[in-house]
Structure formats: C-alpha cells, structure tokens
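None of the figures in this text is laboratory data; all of them are computed from the coordinates on show. Values in this document were obtained by computation on a predicted structure and should not be read as measured data. Don't worry about glycine lacking a Cβ; one is built from the backbone with ideal geometry, like all the others, and counts go over all protein chains shown.
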Amino acid sequence: MWLHVRLSEVCLFLQAMFILACCFSDMESGPIATSGSVQPNGDRFKIEGRAIVPGVKTQDWISSARVTVEGEEYIGFLRTDGSFVVNDVPSGSYVVEVISPGYKFEAVRVDITSKGKMRARLVNFIKTSEVIRQPYPLQLRSSGPHTYFMKRETWGWTDFLMNPMVMMMVLPLLIIVLLPKVVNTNDPEMRKEMEQSMNMLNPNPELPDVSEFMTKLFSGSKSSSSKAIGGSKCQNITCTSGLRNYCNWSCHGNYNAIFKKSFFIRLYNCFLSRVFFPLSNNPRVCTTLVLCQF
Amino acid sequence: MKPPAKMSKPTSLFVIFFSLFVMSEAVFEDQVGKFDWRQQYVGKTLFAHFDSHSQSSKKLFLATDKNIFASFNSRTGELFWRHVDKAGPEGTIDILLLHGQDALMVVGGGRLLRSWDTNMGGLNWEAVLDTGSFQAACFVAMQDTVKHVAVLKKAAISLHYLTNGHQKWVENLPDSDTVQYQAVYSGGEEEVYVLGVVPNSHLTIIAYSLEDGEIIKQRSVEAPWLSSVESSCVVVGHGVLMCVDTATLALYALPIQSLDLEVSPGFQPVLVSSQPHPARSPISEFFLQLGPDHHVLLQLNADGYTIAPLRDFQPAFLVSFSTTGEKTVAAVMTPKNETVKKKKNVACAINLFSADSGRRLLDTTVIFPLDLNGGKPFKLYVHAFLKKDDSVGYRVLVQTQDHALTFIQQPGRVVWTREEALADVVTMEMVDLPLTGTQAELEGEFGKKADGLFPMVLKRLSSQVILLQAWLAHLWKLFYEARKPHGQVKNEVTIETLSRDEFNLQKMMVMVTASGKLFGIDSKSGSILWKHYLENVQPNAVFKLIVQRTTAHFPHPPQCTLLIKDKDTGLASLHVFNPIFGRKSHIAPPALPRPILQSLLLPVIDQDYAKVLLLVDDQYKVTAFPSTKNVLQQLQEMASSIFFYLIRSDQGNLSGFRLRKDLSTERIWEVVLPTEVQKIVAVNGKRPNEHVHSQGRVMGDRSVLYKYLNPNLLAVVTESTDAHPERAFVGVFLVDGVTGRIIHEAVQRKARGPVHFVHSENWVVYEYWNTKSRRNEFSVLELFEGTELYNSTVFSSLDRPHLPQVLQQTYIFPSPITTMEATLTEKGITSRHLLVGLPSGAILSLPKMFLDPRRPEVVTEHSREENLIPYAPEMPIRTEWFINYNQTVARVKGIYTAPSGLESTCLVVAYGLDIYQTRVYPSKQFDVLKDDYDYVLISSVLFALFFATMISKRLAQVKLLNRAWR
C-alpha cells in the first residue's frame, strides 16, 4: 500500500517534471534535402514558361511573385513580360508553381528525362502516373485573385423579409386580411358566380369531401385537440394529430358557403398543406391559421 | 475512477463544438490589421546602393546575407519589393552592381548572372555562367557608355552584354592553377585588366581586348610582400594599383614607391578608393585606414609616383566616398565627445570633406545619437546630391554590428531604423505583462480570506471606488482627446504604460536572434520596446530561452534566462534578464566550466518563486540555478523522481537518467538506433503548458474511448541513411522517457525527410516526402487506452501494464511544408488546429478533425453521430484557411503559439524572415461577443417589443373598458 502511494506520488512528479527536460543537445536541424539519385555533375536543364494574369499589368504583380519548383528546391523569378526560366534543374519530375500573394495559379508537373526531353502535365497526387498533357513551354494563366476572406453574415431588412419562413407567415396573413375585402361576400350575384365556378370544378357536389370525411372520422375516434376561436361565426376548429399535416375546421354561418367552394381558398389551402405544414411537426400550428375547410 | 457518464458530458459538448465549427476558421475582411501585424525584414546588408538614376529617387537597393535583393523607400524605410532567393549557398549574392535602372547580380558563387529592372522589380534576364568559383565582377565601358559586364572566375573571364546577358566572349586565364586571379578592372579604355597574384612571389596583370578577348599585354611584377590583391590593393587614379604591405607597413604604388606611416599594432591596414563611373578611371584620392579609428586621406599626384597626405582623421570610425555630378566627397564619421567608453549613448558626427582638397564642407555636419549597446558602427553608405544652390547635400545609411540600419538626414534627423537582426529569430517566448497598481489591488482582495465580514465589505467598496475613479479618469481622457485634432492623438506604447489587458491578449514577445540581439516586442502593436545586444556571441551559437519566473509573483520581477551554447565546444553561458524591461538581472548566474548537454526546467520553486533550472554537463553532473539552500534541499528530497533524457544523434543513442541525491546522475535506460541504418533527426516531448480537457472521446454507441495521455512520452523521428528512393524510410518511435519503453514504432517505407512533426495530447502528426509517388504525406498516430482506464487518478510510466491502442491514417498533402505547430489554449477545451507554414509564405490553419485516424471509409450511423468526416485521401488546402491572408511570411522557420486569457483565443507568432503576429479562434469566439455582433439590431428589437407591449396594453385596456360599457 505504502509502495503504491509512494509510486503515485513519484509519478505525479514525473509527469510534471520529465516533460520539461527538453532537448538541448547537438542535433542537426533536419537534413539538407538531397534529391536521391541526382549526381552533382549530371546534366542540368531549364524549365521555361510564361505566367499571365488576365487584365492586370505585369508590373503590378511580378515583383511579389516567384516560381518554385518542388517547394523551394529551385527558384525562378519572373521577367518583366511575365515569362520565366528556372535554370540548373536536373532531370526528374517536379511540381512547378507560380506563387503570388495576390493571384492564384494552377500547379503543373514537369517531367524532364535524362536526355532533357520535357513534358508538362496536370498535377494529380492520387493517380501519380496519369498523364494529361499541358503545353510546354508552360502557359500558366491565373484564375483570378485569391479568396482569403469569408463573407460576414450581414443583417438587413431585405434578408429578413425575403426569408422563406417570414414570407410564408406574411403572405397568408395578407390573404386572410385582404381577401374578404376584395370579394364582396354580401353581393348575391357574386355569390352565385362563385358557386357556379366551384360546381364546375367539383363535378359531383353530392359526394362528401375527403377531408371532411377524414375529420369526422378522426374527431370521432381519436382524441383531437380542438379549439374554438373567438367570434360567433366560426366554431369548432379541429386539429387532427393523426393527420399531421392537415387541419380541418368546419365553420358555420355566412362565410361557410362561399369559402367552402371558393377556388382561391382551395388553392391557398393546398399551398398551406404542401409548403407550410411540412415544416412544423406540431399540428397545433394550424390553430393559429384561421378559417375554413380543406 | 470516474464514471463514464460524467465523462461523456464535456466530450459530447466537444462534439457539438466540432460539428458547429468545422469549416469556420477564417479571417473576415474587416479584421485585416485589427489584431495582426507583419514586419518584413531582409537580413544583414552586404551591398547597398542608392538609386542615383534620378535626383529625386527614393529608392535604396540592398542585397543581404539571406539571399535577398530588396528595394526600399529611403524616406520611410518600407519595402517596395523584395526577391527571396533560395536559402543557402546556391542563392548567395556574390556581388551587386548598379547601373542606371539595371541592377546586376552574380548569384550562387558564380552560378547565375541576373539583371533586374529596378523600376518594376522584375527580372530583365538571367544567364547561366560556366562553372567555377566567382572572384570579381565589374562593368566595362566603351566610349563612355556601359555596355558590358566582366565576370572573373577562378580560371576564366567572361564578358556579357548588359542588354540580354548573352556572352560576348569567354577566355581561360593562363596559369590559373598557380596564379590566384582576384580582381578585374576597367577604366573606360578598350581593355579589361585582370589582376592575379602568386602569394609572396609576384603579381600578374593581364590586359584583354574588349572586342574579342585577346590578350593584349601580360605583365608580371615582383611583389614578394603581397599575399592577396583583394584585401590589400585598390586601383587609384589613372590605372595605378595601390597596395599596402602589411608586414613592413609600407604603401606601394605600382611602379613601386613607399611612404612611411604609422599603423596601430595588430591592425591590418585597409585601403578605400572610389570609382564614380565605370567609364572613367577612379579618383586619385583614397583613404588609408591605419587603426580601428584612424584614417588618412591621401592623394596620388598627377605624375603617378608621389603620394601626398591630404588630411588625417583621428578619431574616425568610418569613412566613405560619394559622388554627385562632378563632385566627389568623403564622409567621415567621428565620435562627438571623448568619453566613448563611459556612456551608453554616444553622439556621433558625420562631416563631409571635399575629396580633392580635403577641406571640410560648410553646413554638412550631422550629429546623431548612436546606441553603443547595439555594437559599433560597421559601414557607412552615403548618398550625396546637389542642392539647388550647387552645394552638396547628403543622406547617410549607417550599418551597425548588430545588423541594424539607421537612415539619417540633414540636419541630424534619424528618419528610420531597421532592426535587421529580426530577420533571423532563433527562439522566442511570450511573457504576460504585469498588472497595474489598480489591478493588483483588486487581485489582492481575493487573496486573503482571514478577514472578517466587515473588513471584506469595506475592501470591496474601496476597490469599487478605485474602479470608478479609473473609469472616470478614462472618460475624462476620452473627452479631452476628442477635442484635439485627430492626428495628434497618439497612443504610444512605452514600457511604463504597459499593463495586462482584460483578457491577457497583449503580451511581451521576447525574441532571440542569431546575431545575439534580444528584443522585447509588444504583441499588440509590434513596436520594439527594448533591445539588448550581447556582443560576444559566436555566430554558431545555439540558444534556449527559459522563463523562470512569470509576472505573477509581485513584487519579484519576472525573470528569463537565456542559455547560450557554443555549438562546437558545447560551452555555455547564461544571460539572466527581466523580460519586461530587458534589463540584465543582478543575479549572478553560475559559472559553467564544462560543456552542457541538457537543460531542464523543474516545477520546483525557490523561496523567490523562481523555477529551478538544471544543467547537465558532459560528466553527467548537474548544476542547479538558482542554487540556494532551499532549492538544494528540495532537490535532494525529490531527486529520485527527477528523470531526464539525452540524445547523441551521432551515436544513435537515446538514454534516460535519474538524478541522485548528491546531484550526480545514474543511467537507467538506453535505446540504440544503429547509425548505419538510420539517424535520429528529432526528438520531441509534449509542451509542458499544455492542458487536455477531455480524457476520452465519446463514440457513436455512447461508450468512451479513453486517450493515452502519457506526459513522459517522447516522439523520436529517424531517417534512413540510405537515400535511394526505393530503400529510404522514415521511422517514428514513441518512447516513454522515464522507463525507456518503446510504446510504438511506425516505419514509413519509401519516404524521406525533411520530417516535420507535432506531438501533443495523445497524437503525433508528421509529414514526410513519399519518394515513390513524389508527394508530401501527412500521417497521424493517435493513442488510446481503450474503453477502460487503467488508473484514472494519476498517470505513472512505471505502472502501465497495457500498451495503448494505436490508430494511424495517412493523407496526401498537396504542398510541401516548412514548419508545423498546434494551437494552444488556456484550458484545452477549444478544438485544436494545426498551423502549417507553407513555402509560399502562407500559414494554413488545418483543423485537427481532418487528421483523425478514425475517419471512416464508409459512413455509418455511429460515425455520423460522432461527426467524423469520411476519409478522403487528399487533404484540402483552402485559401480561406490562411490565417495571414496575403501577408505572407517568407521562409517561415517557426510558429509560436501561446494561450491567452480567453479560452477561445490562441496567440500565434510566425517568424522566419518576417514576423507575423495574429490571433486564431479554432472554435470561433464562443466566449466573447463577436466583432460583428449587431448591437443596433438587438437594442432596436428590444425597444420595439417594449413599445409594442406598452401600446397593446393600452389598447387592451381601452377595449375592455368599451366592452364594460356595452
């Protein structure tokens, strides 16, 4: 037991202490990268090419750009016309890149045979032997400035208003408020007209509405959350928990006859059930949406 | 044992963090320059030229020992452009010549000849020179126009056209195996002279025809006293070679003639002459330096045989010629007062003298303070120009021994100073700033708990009053400053006003440079607050900076110790200083007579709250610093629990030691990696100030995978000695530093270095070059204990029977890298990112999530639950992840990360040629309001709701009333 305690004590110390014993002995700071099979007296070749940034004068970008071959193994600089030569490169396969803090360039792989034949191809690190030829001498075209920054999420009234959720809230509201005013319900001619149009759409008015049927079915059998909202004209707005996305309410009074048959209302209901309700899992949402039967 | 359910809570929180912030790390455009800064450097100046092309030009061209050719704005000291060549001997700048708009450079020991367009900063042409080591180069003029450049190599001379670099002719030099050709000279005639010497025998002068390279004349002069043309001869006047004989202290002109002058003992006399235009011969006046601060201006008479002294300058630090128009002037720098040695700051004066008469020019004295702490002045570059009234004006660039450049304008105004020593930062630390008096007072309130209730309340009130006072003072200051014009308000940071900010985001960066100059830099603004030059530091010294006492122990000052070790002999010395003020501490460091092998900082604290530093010498004896009685006693008590390791990479030997009570050591383990097969490249433990917040990871099935958190774990990286691409390999050994047990060993076949790696928490990430597929690859090793912890209360290296489970995965990285470091935060709750320095100068912030060996190949429900990214072989590099956007850091050598007072924030300093300081938020700013927090929106919504309620309440009341009436 004592040993155990002692041991853990020791280890606590070890933990803290040992790690601080950082190395300060003679270590070479990494080997100098020697490219494996290259003889110092082997033939040296040059990689030539030209870099272009469309629409930008060369003097505006060349002073900060350079050409790197395989990291910083060989370095070339850009001439005043955008062309470049990297001298003193032994045979091998290299990734050539134009590095500029302002503009992005695609890297190219250049293969040099021991006889000095050159070939340029697309860089593919996964399929390293795949050859998709590129022009040589290299023609490197910038694809535009680098994107270093993220866009801030800004908040504006238009963003808020154009939000689909908000649109869905506002549009129905508008319709609910405006529709009764546009359609004069007390005009008997109008009423007749609408009834006719509805009858045309509904070939058999005697057949009960599916939704009506369902409502009756479910409100009878299942516990349903029903709520009546104020006013004497509309009663018994029913939400069916079984039919998740559908709401029914049966209304009485003057409105009923018109709205039941109204083409617009149907359309609107359809829209509601398709678009709005799938978003909310709560069937009670519909209680806030006033009016009429589906 | 902690129940796993408890464990899972923070970890699942972690997972949420991960899922929320995977792709988040990026800079926003409006954050540019808000908390980050970059300073660009070029290194020690080798050649400097003022642009004399036009009178009003502001350009200054420098070529440096870091293989950089740069153009500066001489009015501000800012870079126009800079070309960074390959580091090492292949990119060294042998010579820089300036003619008109073209700058000519011989690079890489005579490998390449380059011509730059100094106006645009682009290359005119580049020509490959024949092999052979470079000796000298000069412009060659023909009929008053410079059209060629002559390059002298060890065995050949070649002439190139200035317009396109094409070679006009190349000639082999006769007897190049015996004669050392060292100088080339052209005086505007149709000939190019090559000067060679057979040491202590004779001097050879060969004249080549400019047209076809034929030898026109060849002459040999007996000169048994001459050993080197380069160091002791200059061409003066109309083709007269002036040599100084160091042995007999005589001055020879050719034809030989001598003049007796007194040279201070032990000093090699130096000649300085000037050739204002390559098409004309040099001026006949020249300087002879006879001692460290003794110069004589001499004139070669028109007959070419007699020399007349014009003026004697003593004391004079530096002399330099400069030409403008037809006038050549000599600038002489002298100390202003005699008490040079006593004062720290010395006023120096620079005067202009007419070169042909030696008379002092009126109104040309410039007096400026010179900090002798920064080393002696080293070189003087003078830019003379003609003023409107035809008098000579000048600007001067002074280079001091610590590589600093100071630009001075008449009348004695220091326009700018560049601390070029910072181009080579070796190591650095970030030290917390001290608390202000008020802050200390407030902190002190929480320290003592013994007081009763009433005094505590009083104290609380009094500190609140202090805070109120400070706030009022701040308000008053704001009001006062608001009345001033905007430009005048300056928030200058000085050492006196330094204090810790609310979240400890501002720190003191202590930087150690290779030249031995120490800097204290304010991390917020980047301004240099103090500098200290250690004069007798060898160029091959190795440095280690140790923070022994932080600022937390008021009234004890913070204390840093710099261990300076000579790389060849291993002899070391300590420099103890205060990191906030840079002052040398009065504490005497111990004498270290023997070479030091290892240093370790113990968490043991002496009575002055300084951590104890142990230094192990080559006889494995230990020296403690500080070594008070208290410390020694503590050391004796815990000697048996102090372990350390030593690496002998030349012997492939890794060994572990334990301290004995008498401060001697005993070896307890040894690992030998045979040097014929592989060599140890690097060994790395974990960072001592690292915190790991969660002990494990919650997996998809709600079980916990515990991390193997061995604080004593060492990652040893080896490389094969065989460099053949088929047989080369890279090895990673995970060794327990206390027991020497090899926990894991991973060998990557067909791979070679350079290997960069990070070792932290329970993972090691390393990067190597795959020789077969010719690409860079990242590999990650992660160690887990399994689903149960062996001993959850404490980790012991001696009592861990089970080896950890090791998971490994490898990815392709589409770029080579130069350095790598992991972010570090206060408590380790924030997710980790890897900061990767790329050769392009960008610093990539790579989420550690991408380097997770548990990334699945096939996505399952569990892996989705865990938020594991499906495996993809190639790692993405997105420019949005570059924390330094377009502020590239050339040749990134190291990245330093430090935690701040905010858990979300990690301070980052990347150094190399440049220094870049910034903050990163690996999991976004979850503990402070973001920069873009919309105060207006939130308050307007609040107000709107408030008023809406008020109004609707009123309306409801009215309605109720109406109903009641009905």
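Just tell me, in residue order, which DSSP H segments of chain B are both 24 angstrom or longer along the helix axis (alpha-carbon based) and at least 0.5 in mean Kyte-Doolittle hydropathy. List each step's numbers first, then the result.
Values: long enough: B:4-21 (25 Å, 0.95); B:453-483 (45 Å, 0.63); B:935-965 (45 Å, 1.06).
Sorted by number, the helices that extend far enough and score high enough are B:4-21, B:453-483, B:935-965.
Write out the chymotrypsin sites (Phe, Trp or Tyr not before Pro) in region B:884-962 meeting two conditions: DSSP loop, and at most 12 other Cβ atoms within 10 Å of their Cβ. Working shown, then result.
Values: sites: B:TYR885, B:TYR896, B:TYR911, B:TYR916, B:PHE926, B:TYR933, B:TYR935, B:PHE943, B:PHE946, B:PHE947; in loops: B:TYR885, B:PHE926, B:TYR933.
Loop-located and lightly packed - B:TYR933.
Only loop residues by DSSP count here, and only those with at most 15 other Cβ atoms within 10 Å; note down the trypsin sites (Lys or Arg not before Pro) in region B:633-735 that meet that.
Values: sites: B:ARG648, B:ARG658, B:ARG660, B:LYS661, B:ARG667, B:LYS679, B:LYS686, B:ARG697, B:ARG702, B:LYS707, B:ARG727; in loops: B:ARG660, B:LYS661, B:LYS686, B:ARG702, B:ARG727.
Answer in residue order: B:ARG660, B:LYS661, B:ARG702, B:ARG727.
Lone cysteines in chain B, going by a 4.7 Å Cβ-Cβ cut-off?
So, B:CYS138, B:CYS348, B:CYS560, B:CYS906.
Cα-Cα pairs above 24 Å in region B:543-689: how many percent?
Working: 3897 of 10731 pairs.
It works out to 36 percent of all Cα pairs.
Work out the mean other chain Cβ neighbour count within 10 Å for the residues of B:887-896 and drop it here as an integer. Mind dumping the intermediate values first?
Numbers: counts 2, 4, 0, 0, 1, 0, 1, 0, 0, 0.
Mean number of neighbouring Cβ atoms from other chains: 1.
Please sort B:38-44, B:618-624, B:217-223, A:156-162 by packing, taking for each peptide the average over its residues of neighbouring beta carbons within 10 angstrom, highest first. All intermediate terms of the calculation are to be shown ahead of the outcome.
Numbers: B:38-44: 21.6, B:618-624: 16.1, B:217-223: 14.0, A:156-162: 9.3.
The peptides rank, most packed first, as B:38-44, B:618-624, B:217-223, A:156-162.
With charges only on Cβ, +1 for K and R and -1 for D and E, what is the dipole size of region B:893-966 about its Cα centre, in debye, rounded to 20?
Numbers: 9 positive and 6 negative charges, 181 e Å.
So the magnitude is around 860 debye.
Can you pull the mean other chain C-beta count within 10 Å for peptide B:861-872? Spell out each step's value before the answer.
On the way: counts 0, 0, 0, 0, 0, 0, 0, 0, 0, 0, 0, 1.
Other-chain Cβ atoms within 10 Å of each residue's Cβ, averaged: 0.
Over all residues in A:70-83, what is the mean tally of Cβ atoms on other chains that come within 10 Å of each residue's Cβ? Please report the intermediate quantities before stating the final value.
Values: counts 4, 10, 11, 4, 2, 9, 3, 10, 4, 9, 9, 2, 1, 1.
Going residue by residue through A:70-83 and averaging, the value is 6.
Given the -39500 (n - 2.57) contribution per DSSP H run of 4+ residues, what per-residue ellipticity at 222 nm results for chain B, rounded to the nearest 500 deg cm²/dmol?
So the helix-based figure for chain B works out to -4000 deg cm²/dmol.
How high is the relative contact order of region B:779-849, in percent, counting Cα pairs under 8 Å that sit 6 or more residues apart?
Details: 81 pairs, mean separation 17.3, N = 71.
Reported relative contact order: 24 percent.
Just to confirm the filter: which chymotrypsin sites (Phe, Trp or Tyr not before Pro) across region B:501-548 are DSSP coil and have at most 15 other Cβ within 10 angstrom of their Cβ? Kindly include the intermediate steps, with their values, before the conclusion.
On the way: sites: B:PHE503, B:PHE519, B:TRP530, B:TYR533, B:PHE543; in loops: B:PHE503.
Passing both the DSSP loop test and the Cβ count: B:PHE503.
At a threshold of 8 angstrom on Cα-Cα distance, excluding pairs fewer than six apart, so keeping six or more, what relative contact order does chain B reach in percent? Before the final figure, lay out the partial values.
On the way: 2152 pairs, mean separation 70.9, N = 966.
Dividing the mean separation by the residue count of chain B yields 7 percent.
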